[in-house]
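Written out below as structure tokens is the structure these notes cover.
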Amino acid sequence: MLEIKTNPFDELLAEALRAGPGSAAWREAVAQLGTVTEAADEYQALLSARENLESGKPYRSVRAGAGFTRKVMDGLDHQDTGRASRGIPTAPIIAVLAVIGIICALGWLGIHLVPRPESGHGGLSELANTYFSTQIAEATFDGSIPASWRQIGGLPLEFHDGLRPGAAGQSPGGGVVLATPLPADEPFAFEAQLRIAHSSDALVAQVFVSSTGDFSQDRATSSHELLWTCRGKAQEVVLDGRVLPITSPPLHDGSTVQVRILMNLTRAIVEVDGQRLWAGPYDLGADPRWLGVRFIRSGSARSGGIELRSAKVFKR
Amino acid sequence: MAGEDFKAVPLGRASDEELMRRTQQEDRQAFSLLYERYSASVLSYLYRMLGNLEDVESIGQEVFLRAFRFRATYRYPQKLSTWLFTITRNLAINQSRRRRRSPIRNITELNLDGMDISGDPYQVAARATDDVEKREEIARVLVALDALPTDQKEVIVLGIFQDLSYAEMEDITGTKAVTLRSRMFHGLKRLSRSVGVVEEPE
């Protein structure tokens, strides 16, 4: 059994394996291998595997295409634009000192006239770069609704290894919502994983953030909300009933999609499977945010098969 | 002061670290050069670690946008490559935690070059040698690379494919060099077993 020791040969071999054939360490390790008696076969096998990797070095070697580079440069331009108002001065030192002098003179007034930035007011790039590391809610819906979530609407729901819509009766819509709304000025990430067994135009699934929480009994909808929705194989992003322009690939039956909504007080990003569908300013006011997932049937039949596998909420 | 350590040289011949210093002084052209120098290695690292081209593209963009946005956090004389790969690795880890792998759904929308051949271990092996048996060995090792535990795969990708030293890997991963060497041994040992399968007597 090969054991890693801290003897000089093992250190030499480790460096040879990293540096590869042709390196000085490799030549020396191969030369010394002839004097090694213990585990020599295993050492030889390591060198052989390393040689094969050397030959396979182009494996998964990719380069940026023109489209990729354009996206990156556009993103940089966007950052520059966002920073234009507070760009770092490159003027001579004397000019900088003059500016500092003016700032000092007006400092006291500035403190009182300029409102302090509040958390949750950041721009899109700040939102996109926020680490949402603290999970504050999670639901897997196996057997019942977790305590921190509640049911909305009148459509029967089934809980077994996920949340599924039942057959429509009196009410076509129903879903679940986080029982306690989140403060509007605190950025959050809402993630919902949905499995699309078989899509149907008669069944709509929506991942939403509402600022009113006035969910109707029949459709489980509210008056002010930003949502991702899928009907059949098509997906849309909707803000207060207005379909926002997006370009998105069609969904596939048998797939599992991860919908992620990032939001602060004024900006939101909607992603599906890590791909950004839409990002921009929105206006849902300063009221607390209700996070949830709903299903809406357009007929009584149990057509379509979509289930909510999990829902998670993160904050910074 | 860091700025005094640099000599005035044409932009194209400037070191990575000097380009970053210029980037910190709002020189976008300097950052564009850094992007040209590192985009392929960053994207290839992501492809090797994540295996999903959609993730590679989205995280790859994020790496460079974040590097530019947080350029002020780079401190000379840290190697620029180490700083950049630390960002790349952290984003890759976050992405891995955020989602499980999903199949490539719409490859026509991707904006990367070279993936058509380099993504197939058998095509890579075929280009490496005319020896049919050797081809099989190379392809088996590349296929087995994907099945390695992440920590062993990472040290092989960083050390062998990205050609980083143990010291650089130590900085990037926060893992001691002795542990990285051990992972290199054990990772290669597993890969060597994948080749051993074809060498069994008939």
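When segment B:188-200 is limited to residues that are more than 9 Å from chain A (Cβ to nearest Cβ) and not aliphatic (A, V, I, L, M), the one that is surrounded by the most Cβ atoms within 10 Å (Cβ to Cβ) turns out to be B:GLU199. On inspection, A:GLU54 qualifies as touching a Gly at 6+ places or on another chain (Cβ under 8 Å), outside any strand (DSSP E or B) and either facing chain B (nearest Cβ under 10 Å) or surrounded by 14 or more Cβ atoms within 10 Å (Cβ to Cβ) (or both). Of all the residues in segment A:193-234, those that are assigned to a loop (DSSP other than H, G, I, E, B) and either hydrophobic (A, V, I, L, M, F, W, C) or in contact with a helix residue (DSSP H, G or I) (Cβ under 6 Å, 6 or more places away or on another chain) (or both) number 3.
Taking segment B:1-92 as the region of interest, the helices (runs of 4 or more DSSP H) fully inside it that hold 2 or more residues being among the aliphatic types (A, V, I, L, M) and touching a strand residue (DSSP E or B) at 6+ places or on another chain (Cβ under 9 Å) are B:28-50, B:53-69. Candidates A:VAL243, A:VAL238: the one that is in contact with a Leu (Cβ under 9 Å, 6 or more places away or on another chain) and either more than 13 Å from chain B (Cβ to nearest Cβ) or buried (at least 18 other Cβ atoms within 10 Å of the Cβ) (or both) is A:VAL238. For segment A:33-52, a residue qualifies if it is without any contact (Cβ under 8 Å) to a residue 12 or more places away in the chain and under 43 Å from the mean Cα position of the chain (by Cα), and the qualifying residues are A:ALA45, A:SER48, A:ALA49, A:ASN52.
Return the residue satisfying two criteria in turn: it lies in segment B:157-185 and is in a helix (DSSP H, G or I), more than 8 Å from every other protein chain (Cβ to nearest Cβ) and not aliphatic (A, V, I, L, M), and of such residues it is surrounded by the fewest Cβ atoms within 10 Å (Cβ to Cβ). Even if it seems obvious, please write down each step before you answer.
Within segment B:157-185, the first condition is being in a helix (DSSP H, G or I), and the residues that meet it are B:157-161, B:166-173, B:177-185.
Among the residues that remain, those that are also more than 8 Å from every other protein chain (Cβ to nearest Cβ) are: B:157-158, B:167-173, B:177, B:179-180, B:183.
If we keep only those that are not aliphatic (A, V, I, L, M) too, we end up with B:168, B:170-171, B:173, B:179, B:183.
Working: B:GLU168: 18, B:GLU170: 17, B:ASP171: 18, B:THR173: 18, B:THR179: 15, B:ARG183: 23.
Taking the candidates together, the pick is B:THR179.
If you go through segment A:299-312 one residue at a time, do you hit one that is part of a strand (DSSP E or B), farther than 20 Å from A:ILE196 by Cβ, assigned by TED's automatic domain parsing to the domain that holds A:GLU191 and touching a Leu at 6+ places or on another chain (Cβ under 6 Å)? No, every residue in segment A:299-312 fails to be part of a strand (DSSP E or B), farther than 20 Å from A:ILE196 by Cβ, assigned by TED's automatic domain parsing to the domain that holds A:GLU191 and touching a Leu at 6+ places or on another chain (Cβ under 6 Å).
The values are calculated or read from the model by the stated rules, or taken from the named source; none is laboratory data. Predicted, not measured: the structure shown is a model, and the values here were computed from it. In this analysis, Cβ positions are derived from the backbone assuming ideal geometry, glycine residues included, and neighbour counts consider all displayed protein chains.
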